[in-house]
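**Q** A single structure is presented below for examination.
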Amino acid sequence: MHVVQLRVSPTRFRFNHRYRGDLLRMSRRRLRVLTLLDTLRPGGAERLAVTIAARLDPRRFESTVCVSRRLPWSPLSELLEQSGVPVVTLNRTHRGAVWSWAPLVAMLRRRRIDVLHAHMFGSNVWGTIVGRAAGVPIVVAHEHGSRVEGRGFRSAVDRELVARAADVLIAVSESDRRRLIDVEGVSSAKVRIVRNGIPPLPAPRVDLRRELRVPYGAPVIGALTVLRPEKGLDVLVEAAAQLMMQFPDLNVLIAGTGPEEQRLRRLVAERGLEQTVLLIGFRPHVADVLAAIDVAVHTSDREGTPLALLESMAAGKAIVATRVGGVPTLLRDEEYALLVPPRDPPALAAAVARLLRDEALRERLGREARERQRRRFAIESTVTEVEGLYEQLFASSGRGRREACFRP
């Protein structure tokens, strides 16, 4: 992967949805797109951003990824390397290191970047400031759904800074769109829904049940997620304690790393579940984990359209998920999954127990969820929408109009 280290000393428009994409394609040169992220940790938002950047049509787009903090190893680095997408890192060490953004401003100007696409709150804020300071024609801010509702500081920043400076705010679900408009006060003209999508899952590489020495025929449930407080994994541990009374040979796999790991380990020990609840760390090949489980469990307190949920659907797994954010639109209860209230261990345990007992229901829900993911949430659709959005926005920008006038 081509990594660039940058080191330094300490006309607005309203999006018109009636544009026809085939009339707006810039056929004379490729659009220069920079994707801005805080880190390359393998969370859902980061994975989606990198996947889009790597899959942009190289005949129409020149793609670069900028990571503002120090660049650790990540499987996302390998994806970018395989795709030939260069990565720039700013080596920003803390939030107050404002000077770390200076080389990005210089690069945006020097390379005449056409589109800056920022992802998540911090990068959205800095992306709009830096993008406008550098004269980038189009700035896109991408919300990923995991946000406490309210009218606090972040909502005010979204409304007064990000929404005013960006050309478009992307929401990943209708519920997130409504939150931006109704709760945060963002103009509806600025908000566009682009639903998340995932590539096809590869075949499993290892037999995880054998690796973990799970007894043959023992029920296995699991969660794949970053271990953060809003993921509600303490509820899964509490539900596991209740399920053990009905399924004494139950195995619960939690795949991921994050700031909640030590607290979860303490909770598991307090409940005496060390042999039942296994924190197996980060697993780069999610297909290995999904192949090992009977029921996929998603216990978040808030979500948009989580990639982990889409991956569970793609694997054809029966799903129990909390009824939050964009999840009820993604998965209708009893049709594609079983939905339960957030923060309710008894309800979660009852839904999981129902699926573990009813093989026919597990198979039906898994089959229907897999077909829905293939029809509605493929990565190709997401990338196509983003590509069309870039071209439509740029064609209406000052630079785009000037270039169109001078095209032979």
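**Q** Determine which single condition Arg283 fails, assuming it passes every other condition in (1) touching a strand residue (DSSP E or B) at 6+ places or on another chain (Cβ under 8 Å); (2) over 21 Å from Ala347 (Cβ atoms); (3) surrounded by fewer than 23 Cβ atoms within 10 Å (Cβ to Cβ); (4) modelled with pLDDT of 95 or more.
**A** For Arg283, the exception is condition (4).
**Q** Go through (1) open to solvent by 40 Å² or more (accessible area, probe 1.4 Å); (2) under 29 Å from Arg29 (Cβ atoms) one by one and return the number of the condition Leu90 breaks.
**A** Every condition holds for Leu90 apart from (1).
**Q** Of everything in region 261-280, what is among the small types (Gly, Ala, Ser) and either part of a loop (DSSP other than H, G, I, E, B) or open to solvent by 70 Å² or more (accessible area, probe 1.4 Å) (or both)? Give them in sequence order.
**A** Scanning region 261-280 gives a single hit, Gly272.
**Q** To continue, here is another question. Return the residues of region 363-382 that are part of a helix (DSSP H, G or I) and crowded, with 20+ Cβ neighbours inside 10 Å; say none if nothing qualifies.
**A** Result: Leu365, Gly366, Ala369, Gln373, Thr382.
**Q** Let me ask another. Looking at Arg109, is it open to solvent by 60 Å² or more (accessible area, probe 1.4 Å), in a helix (DSSP H, G or I), farther than 29 Å from Leu224 by Cα and of a type outside the set (Phe, Trp, Tyr)?
**A** Yes, satisfied.
**Q** Could you check how many residues of region 140-168 are modelled with pLDDT of 85 or more, part of a loop (DSSP other than H, G, I, E, B) and either among the polar types (S, T, N, Q) or open to solvent by 30 Å² or more (accessible area, probe 1.4 Å) (or both)?
**A** Of the residues in region 140-168, 1 are modelled with pLDDT of 85 or more, part of a loop (DSSP other than H, G, I, E, B) and either among the polar types (S, T, N, Q) or open to solvent by 30 Å² or more (accessible area, probe 1.4 Å) (or both).
**Q** In region 383-399, which residues are crowded, with 18+ Cβ neighbours inside 10 Å and either among the β-branched types (Val, Ile, Thr) or modelled with pLDDT under 95 (or both)?
**A** Within region 383-399, Val383, Val386 meet the criteria.
**Q** If Gly258 passes every condition in (1) assigned to a loop (DSSP other than H, G, I, E, B); (2) surrounded by 19 or more Cβ atoms within 10 Å (Cβ to Cβ) but one, which one does it miss?
**A** The single condition Gly258 does not satisfy is (2).
The values are calculated or read from the model by the stated rules, or taken from the named source; none is laboratory data. For clarity, every value in this text was computed on a predicted model and none was experimentally measured. When we count neighbours, we look across all protein chains shown, and the Cβ atoms used for this are built from the backbone with ideal geometry, even at glycine. Keep in mind that these areas ignore ligands, DNA and RNA; they rest on the heavy atoms of the full protein, side chains included. Shrake-Rupley method; radii C 1.70, N 1.55, O 1.52, S 1.80 Å.
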